[in-house]
Amino acid sequence: MVNDKVDLTQKEINYLAGVLYDKKDDLLKRKKETQMVDSLIDKALGRITLTKKGEKIVRMFDGNDYSDITKGGIFESEHGQFTIQDVDDENHIKVNGNWHHKSEFEPASVVRFRGHNKGMER
C-alpha cells in the first residue's frame with residue numbers, strides 16, 4: 001500500500017471533518033465503536049494525542065501501520081481482546097499478569113490508547 005499525500009484546501013478539510021463528525025454521531029447513536037472515525041478525524045485535522053511526561057508508550061503493528069498504546073490501553077489480536085496492565089519498555093508489556101514481548105500479540109489493532117481517556121468529548 002502506497003501512502004500518497006493528498007493536498008486539500010481548508011474548505012475541503014472542514015467539509016471532510018463535518019462528514020466524519022456526522023458519521024461519528026451516527027455510530028454513537030447506534031452504540032458502535034468510533035475508534036476508526038476518531039483516527040480519521042485526527043489525521044484529517046492534524047490532531048495530536050497528549051501524553052504525560054515519561055509515560056511509556058508501545059507501538060503495536062496491525063499489519064499495515066503502527067499505533068500507539070500505553071498502560072490501561074486495550075488492543076485486539078487474533079487471540080482476543082486484552083488490556084495492558086503495565087509497560088516495561090517499548091517492547092515489553094504486562095498482560096493477564098505476565099510479561100510478554102509485544103510481538104507475541106502482533107498483528108494487533110489498538111481499540112483504546114489509554115484506560116481512562118481524559119478530556120472533552122469531540
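Values in this text are rule-based calculations from the coordinates and carry no lab data. Keep in mind that this is a model prediction, so the values were computed, not measured. Every residue, glycine among them, receives a Cβ derived from its backbone with ideal geometry; neighbour counts consider all protein chains shown.
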In this structure, among K23/K43; K56/K102; K11/K43; K32/K102; K71/K94; K43/K102, pairs with alpha-carbon gaps over 20 Å are K32/K102; K43/K102
Note, D89: beta-carbon cut-off 12 Å, +1 each Lys/Arg, -1 each Asp/Glu, net +1
With a ≥ b ≥ c from the Cα gyration tensor eigenvalues, square-rooted, and the rule rounded for a/c under 1.5, otherwise prolate when a/b > b/c and oblate otherwise, region 57-112 is rounded
With each run of n ≥ 4 DSSP H residues scored as -39500 (n - 2.57), what mean residue ellipticity at 222 nm is computed for the chain after dividing by its residue count and rounding to the nearest 500 deg cm²/dmol? -8500 deg cm²/dmol
At q = 0.10 Å⁻¹, what base-10 log of I(q)/I(0) does the Debye formula yield for the chain when every alpha carbon is treated as an equal point scatterer in vacuo? -0.37
Have a look at the DSSP beta bridges in region 57-112 and tell me what percent are antiparallel, nearest 5. 100
Treating the beta-carbon of each Lys and Arg as +1 and of each Asp and Glu as -1, no other charges, what is the dipole magnitude of region 57-112 about its Cα centre, to the nearest 20 debye? 200
Tilt of helix 10-29 relative to the longest C-alpha principal axis of the chain, in degrees (0 to 90, nearest 10)? 60
Among E78, E106, E90, which one shows the biggest mean-square fluctuation in a GNM of the chain, springs joining Cα atoms closer than 10 Å? E78
Taking Cα atoms only, helix 35-45 is inclined relative to the longest principal axis of the chain by an angle, in degrees rounded to 10, of 60
